[in-house]
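First the structure, in the form of structure tokens, and then the observations on it.
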Amino acid sequence: MKKTAPKEIIIEDLSHDLIPIVGNKKFAVLLHNVLSPDECAEMIDRAEEAGFHDASIYDRRTNQAHRNCTRYISDDAALADNWFERIMHALKDRPALEYKLRSASFASNKNEKPNHAVGINERLRLLRYRQGEFFHSHNDAKFIRGADQGERAGETSYVSVLIYLNHKFKGGTTRFHGNGRQLDVKPRTGSILVHEHNILHSGQRITSGKKYIVRTDVMYSTTVMSGRFGPDPSEVLLSGGVKSSSDASLSTSDESSSRNPSLEIGLQSIIGEVKALRVSGALDTDAGSSKDSAGKEPRVVKGGEENQPKPPMKKRSAWMLYSESVRVELAGMNPEMSAKEVTRVVGLRFKALSLEERVRWQMKAEDDGERYKKELAEYRKKVGPADVGPRSDVTLGDLIKQSKRAGPWYSVV
């Protein structure tokens, strides 16, 4: 029998639709045509041939069924990896969604290491719901790999994966609900619903026919394993475009020219700038003082200062460039606006930027980094190597103070 080719994958971002239901923005994406009808039918046939087992869950207090269905479990790492690759490939043109799924940014604690998706859980639970069967309201639980899993121990799930294998039945929608409202996702053969665990939902009662779905999870690790879906550790972009490499220099080289659409700017960015300054030997001309943190005069010799070339302006982050632009605009519109109010408005505007605007400002920051490299090279030629060397006097405190004068640092994802 000739197999039908998969259709073009269609992506629906459900996060905005969920805001009035759950009260805030949650990660939920529906991808259509990820699996072909033939692939889905083959999975159903294999499960029916192997046999299903009861997977009902009962409320201990009432002894009433919370979920009643049957289940077939299969451990298939190759198939899980293939599905994950399809999902990530489908999201490559939707960088904001791809970033959220790859990083689980909605689940990350700012005091913890960042998460990196390492694939789909190979334990595939194929559930069969027959007429009258259902799954009442629930939040999906995390799965954490145990110590017996070797180097994969500690991997944690934050995202549910629901694969619809058929649609010729009645009822059986996946329903998100809250605040007296609801959003129904109607199953379609070959569609995949991915959503963060912490969203209240249910599988509505089947009124006729049979519903087949596969339930699994996206697994995350705080340790990036080279060669397994996550980027190579040397290529991971941290906050503010800082590379996770041994010298933590800012990523401005040709081999690291990929854009980071998230523009997540935070403490790592400041740390990266400290290390970059120490390597480059650039003077902190924006710090607002001619002395460093130890009270020493800068290295440029004072004698004949009028003949000394001006040090290049330090490279600026996307936040700094955007902040400068908006501050100039606000000063022209309302010169009497207080500094505190200006900072507040700049911050609100920055957080409200669209993905396209964030990418545009990140590109400007990278262009500014190239400008800085060229100007620094010219400056070094003029002053000579004896006057400009690696700086050990730039401290984290210096840049934190400097960033406070410029305005708040925001983490935008």
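Using Cβ point charges alone (K and R +1, D and E -1), the dipole size of the range 16-118 about the Cα centre works out to roughly 940 debye.
Pairwise Cα distances in the range 127-231 exceed 24 Å in 34 percent of cases. Convex hull volume of the Cα atoms of the range 157-217, normalised per residue: 71 Å³. Computed 3J(HN,Hα) for the range 209-217, one whole-Hz value per residue from the Karplus formula 6.51 cos²θ - 1.76 cosθ + 1.60 where θ = phi - 60°, is x, 10, 10, 10, 9, 10, 10, 8, 9, glycine and proline marked x. The simple spin-label model puts a point 7 Å past each Cα toward its Cβ; for D13 and H89 those points are separated by 2.3 nm. The gain in end-to-end length when the K170 to L79 segment is fully stretched comes to 29.9 nm, 0.36 nm per residue minus the alpha carbon separation. Here r is the Cβ-Cβ distance between H138 and R349 and R0 is 41 Å; the resulting FRET efficiency, rounded to 0.05, is 0.55. FRET efficiency for the I44 to R181 pair, using the beta carbon distance and R₀ = 35 Å, is estimated at 0.60. Extents of the range 1-82, taken as max minus min of Cα coordinates on every principal axis and listed largest first, are 50, 37, 21 Å.
Here D17, D54 are placed in order of increasing Cβ neighbour count within 10 Å, fewest first, which gives D54, D17. Provide, for q = 0.17, 0.22 Å⁻¹, the log10 of I(q)/I(0) from a solvent-free Debye sum over equal Cα point scatterers in the range 11-134. Here the Debye-derived log intensity ratios amount to -1.17, -1.24.
Here R380, R60 are placed in order of increasing Cβ neighbour count within 10 Å, fewest first, which gives R60, R380. A quarter of the convex hull surface defined by the alpha-carbon atoms of the range 10-230 gives 13.2 nm² as the mean projection. Residue by residue, the range 16-30 carries 3J(HN,Hα) couplings of 5, 5, 7, 4, x, 8, 9, x, 7, 7, 10, 7, 7, 9, 10 Hz when phi is fed to the Karplus relation 6.51 cos²θ - 1.76 cosθ + 1.60 (θ = phi - 60°); x denotes Gly or Pro.
Of the cross-linked pairs K26/K92; K92/K170; K100/K340; K113/K340; K315/K381; K340/K374, those separated by over 30 Å at the C-alpha level are K92/K170; K100/K340; K113/K340; K340/K374.
Residues in the range 324-335 carry Karplus couplings, in order, of 4, 4, 5, 4, 5, 4, 5, 5, x, 7, 8, x Hz; the curve used is 6.51 cos²θ - 1.76 cosθ + 1.60 with θ = phi - 60°, and Gly or Pro positions show x. With a Förster radius of 60 Å applied to the C-beta separation of E122 and E336, the computed FRET efficiency comes to 0.45.
Every number here is computed from the coordinates shown, using simple stated rules; none is lab data. Computed from a predicted model, the values in this text were never measured in an experiment. As a convention, Cβ positions derive from the backbone with ideal geometry for all residues, glycine included, and neighbour counts pool all protein chains shown.
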